[in-house]
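Some notes on the structure that comes next.
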Amino acid sequence: MRLDGVEIKEIEYEEETEGGEEMNSVSNSDSLSTNLGFSRQVVVGYALTTKKRQSFLQPKFEVIARNKGIILVPIDQHRPLADQGPFDIVLHKLLGNEWSQVLEDFRLKHPDVMVLDPPYAIQCVRNRQNRQSMLEDVAALDLADSYGRVCVPKQLVIEKDPTLIPAEVANAGLKLPLVSKPLFVDGSAKSHELFLAYDNVSLSKLEPPLILQEFVNHGGVMFKVYVVGNSITVVRRFSLPDVCKRELSKYAGVFQFPRVSCAAASADEADLDPGVAELPPRPMLERLVGELRRRMGLQLFNIDIIREHGTRDLFYVIDINYFPGYGKMPGYENIFADFLVGLADSKQRKQLH
């Protein structure tokens, strides 16, 4: 069947397409209606990498933001942040301890300015070991009444000496094949490299520090769950193909895969089993996202979820990212603009009381 793009927003259904690829999506947003009148402008200072500016600050978003009273102002990293603005919101995704410290100092001295998101909270997400530990806590939640069970693939952190990886994998009881990801996420292409190891001998070819996860067959489909404040949008993405365990002995070596989001761009049509294509239950996602938002202290992130092939309600969270590529999210322009206006509106109400 064709992946007909469907966005669910406050129980209203509409089709969304992007870049020639049709995707099914579900969105639950409590953001302000575009029909509201705005009494003042919302000044948003942004500090983004060149790549992030190009993908996020698209012309359509800039027009919609301007129409909603949002002024987008670039932040000069070479000038004191306190001398710029004044800002209602600071939106950022830059690396470096020095910049993080500048932001943290600014946030503490200017509590009236919303910093998206706090640097201390982001640091937790940039280490996959930390984020997996947190996900394991969330996976322990009883979501039986939310129509689904959430797990995390069995994993192992390797910090050094690749020659010891086969022995450590055996001691941990991990089963092949194994997915290998860099331990630290720094925004570079290398930090998103993905490998699949089929045999123990080849494990020593991997480059630590890294994290190994047991591969879970999932029908070659992954669900990207985009979070913008209280808004949840889910899209299907094509993922790594299933591995036949009976034929595993025929394979050997370590194979690098392209980034899943890149692989998805070429998937224009698909004939999928309905059991594979069905989106995760919204009540389950709402509880999962709510717990993650509370524990991480973040408002801008996405989680990658897969459903174990052959099951209907057994899901695995395989990754989480801060400030993901919202430009690939259907309808992000209105969702994000309403989110920014909602933050400013909430701050104004608090000041009045």
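A few comments on the model shown:
- For segment 111-132, a residue qualifies if it is among the acidic types (Asp, Glu) and either buried (at least 17 other Cβ atoms within 10 Å of the Cβ) or assigned to a strand (DSSP E or B) (or both), and exactly one does: 117.
- Test for residue 165: is it surrounded by 14 or more Cβ atoms within 10 Å (Cβ to Cβ) and under 18 Å from the mean Cα position of the chain (by Cα): no
- Leading residue by the ranking (surrounded by the fewest Cβ atoms within 10 Å (Cβ to Cβ)) among those in segment 87-101 that are part of a loop (DSSP other than H, G, I, E, B) and out of contact with any strand residue (DSSP E or B) (no Cβ under 7 Å at 6 or more places or on another chain): 96
- Residues (outside any strand (DSSP E or B) and free of Cβ contacts under 8 Å to residues at least 40 places away in the same chain) located in segment 232-257: 241, 244, 245, 246, 247, 249, 250
- Cβ-Cβ under 7 Å pairs, at least 6 apart or on other chains, segment 182-205 side in the same structural domain as residue 245 (by TED's automatic domain parsing) and among the acidic types (Asp, Glu), far side modelled with pLDDT under 90 and surrounded by 15 or more Cβ atoms within 10 Å (Cβ to Cβ): none
- If you go through segment 300-353 and pick out every residue that is at pLDDT 95 or above, acidic (Asp, Glu) and assigned to a strand (DSSP E or B), you end up with 0.
The values are calculated or read from the model by the stated rules, or taken from the named source; none is laboratory data. Given the structure is predicted, the values throughout are model-derived calculations rather than measurements. For neighbour counting, all protein chains shown are included, and Cβ atoms are generated from backbone atoms with ideal geometry for every residue, glycine included.
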